[in-house]
Amino acid sequence: MGLMGQLLGALFGSGRNVVAETAEVFRINAEAQAQRGHDAQGAALAQMAGEFRVVRRSWFDRFMDALNRVPRPAMALGTLGLFVTAMVDPVWFAARMAGIALVPEPLWWLLGAIVSFYFGARHLSKGQDFQRDLAATMAAVPQVVQTVRNVEALRDVTPGDGPVEPAGFETPLNNPALADWRSGRG
């Protein structure tokens, strides 16, 4: 082997590419960077999906959730009912409001704290449910994208073309086992 063969063998031989390896010291490998980004995103989605697993709820949990939906509409409808009552029977309404005026201020503060904590906890709970549903949806994105690609690939297929090979799959032309199998069927 000549001098040039030895030099080229040293640079590109034994499955290595010294030039490419040296260039990667100064500039990142775009393909490897994209793969690392894909792996990181997949790991983040897997972690998020694990944190927000959908849990089957019992009948008691569903009943309590329905019961928790009652106070807000009841307060809104009750307030509207007070306005209607004030117009229909002002004397009855005035007697009730005079009774409310006798409630001590610390009791109003306590009622305000209870209502604030109730609605704050409800908001937090619903926010966590939303995050859980969002994580489940985001985890399904790769499968949906692949399904859309598979369906779009079928646009170019006409009925007489024969079987459609999946993307990235090539039928080997000189496969003796496949040729033997085909001859046995035909």
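Please treat every number below as a calculation from the coordinates, not as lab data. It should be emphasised that the depicted structure is a prediction, and the values quoted were computed from it without experimental measurement. A quick note on method: Cβ atoms are made from the backbone with ideal geometry, for glycine too, and the neighbour counts reach across all protein chains shown.
The peptide list 80-88, 130-138, put in order of mean Cβ contacts within 10 Å with the highest first, becomes 130-138, 80-88.
Highest-first packing order for the peptide set 97-104, 40-47, 28-35 is 40-47, 28-35, 97-104, based on the mean count of other beta carbon atoms within 10 Å.
The phi-based Karplus calculation (6.51 cos²θ - 1.76 cosθ + 1.60; θ = phi - 60°) puts the 3J(HN,Hα) values of the range 126-140 at 5, x, 5, 4, 4, 4, 5, 5, 5, 5, 5, 5, 5, 5, 8 Hz, whole numbers, x for Gly and Pro.
Computing FRET efficiency as 1/(1 + (r/R0)^6) for THR85 and ALA121, where r is the C-beta to C-beta distance and R0 is 45 Å, gives about 0.90. On full extension, the segment bounded by VAL148 and ARG57 gains 29.5 nm, given 0.36 nm per residue less the C-alpha separation.
The calculated FRET efficiency for ALA30 paired with ALA177, based on their beta-carbon distance and R0 = 45 Å, is about 0.70. The spacing between the range 52-68 and the range 88-153, judged by their C-alpha centroids, is 15 Å.
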